[in-house]
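These notes concern the structure reproduced below.
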Amino acid sequence: RTMLRRLETFARVDGRRLMDIYREDNIENTDYFYPDMKDKAQALARVEQDFLHYLETDFFSKPGKACWVLEENGVWVSALRLSEIAPGDYYLEALETHPDFRRRRCAVRLLEAVLAELRAQGPFRLRDCVGKKNVPSLGVHEKCGFRIAAQDGTDYLSGEVNERCYGMEYVWKGE
């Protein structure tokens, strides 16, 4: 059974199931955030704790934010964060699929479901910043109707421009 979850408060987040989706990225982040920690399991626990703390104290503390999760048979298989940065203007980040569920179109199904939810609310623009070398993510975005709108991506929450990313965009003007 497949289910789409829209989490608008931290209280609805199952931290363990969400961290399982982001496990590979979190492992990579141990070297960035805690390069001097020898115990990688301990470093991973710190990165996960920091991630969940960010969600609780920063991300969910602002209006217009949601974490969307695709669940299959009780397992959280894919997730993304969505921020409304202006009325009808959204920023997508952290689209990820649990490693055990990759190559099953989970990210495509999640993104298509979120796009359908947004279309039901009226015209909108959805932007994302995707690594130029992240071929799987670029493919997911293109399958879902995104186009490359800028050669350099922008994190619309921080305003930072990243030349290693494309600025992706999906525009729906209504029917």
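The values are calculated or read from the model by the stated rules, or taken from the named source; none is laboratory data. Given the structure is predicted, the values throughout are model-derived calculations rather than measurements. With ideal geometry, Cβ positions are generated from the backbone for all residues, glycine too; neighbour counts draw on all protein chains shown. Just the protein is used for accessible areas: all its heavy atoms, side chains included, with ligands, DNA and RNA removed. Shrake-Rupley method; radii C 1.70, N 1.55, O 1.52, S 1.80 Å.
I'd like the full set of residues that are in a helix (DSSP H, G or I), open to solvent by 70 Å² or more (accessible area, probe 1.4 Å) and within 17 Å of Trp68 (Cα to Cα), limited to the range 110-135.
Start the filter on the range 110-135 by keeping residues that are in a helix (DSSP H, G or I), which leaves 110-119, 135.
Among the residues that remain, those that are also open to solvent by 70 Å² or more (accessible area, probe 1.4 Å) are: 112, 117, 119, 135.
Matches in the range 110-135: Glu112, Glu117, Arg119.
Could you list, in sequence order, all residues of the range 143-175 that are surrounded by 13 or more Cβ atoms within 10 Å (Cβ to Cβ), not in a loop (DSSP other than H, G, I, E, B) and not aliphatic (A, V, I, L, M)?
Matches in the range 143-175: Lys143, Gly153, Thr154, Asn162, Cys165, Tyr166, Gly167, Glu169, Tyr170, Trp172.
Of all residues in the range 123-149, how many are without any contact (Cβ under 8 Å) to a residue 40 or more places away in the chain and in contact with a His (Cβ under 8 Å, 6 or more places away or on another chain)?
Residues that pass the stated criteria total 1.
Count, please, the residues in the range 75-103 that happen to be of a type in the set (A, V, I, L, M, F, W, C) and either open to solvent by 20 Å² or more (accessible area, probe 1.4 Å) or touching a Ser or Thr at 6+ places or on another chain (Cβ under 6 Å) (or both).
Total satisfying the criteria: 6.
Only one of (1) under 17 Å from the mean Cα position of the chain (by Cα); (2) open to solvent by 30 Å² or more (accessible area, probe 1.4 Å); (3) closer than 24 Å to Phe146 by Cα fails for Trp68. Which number is that?
(2)
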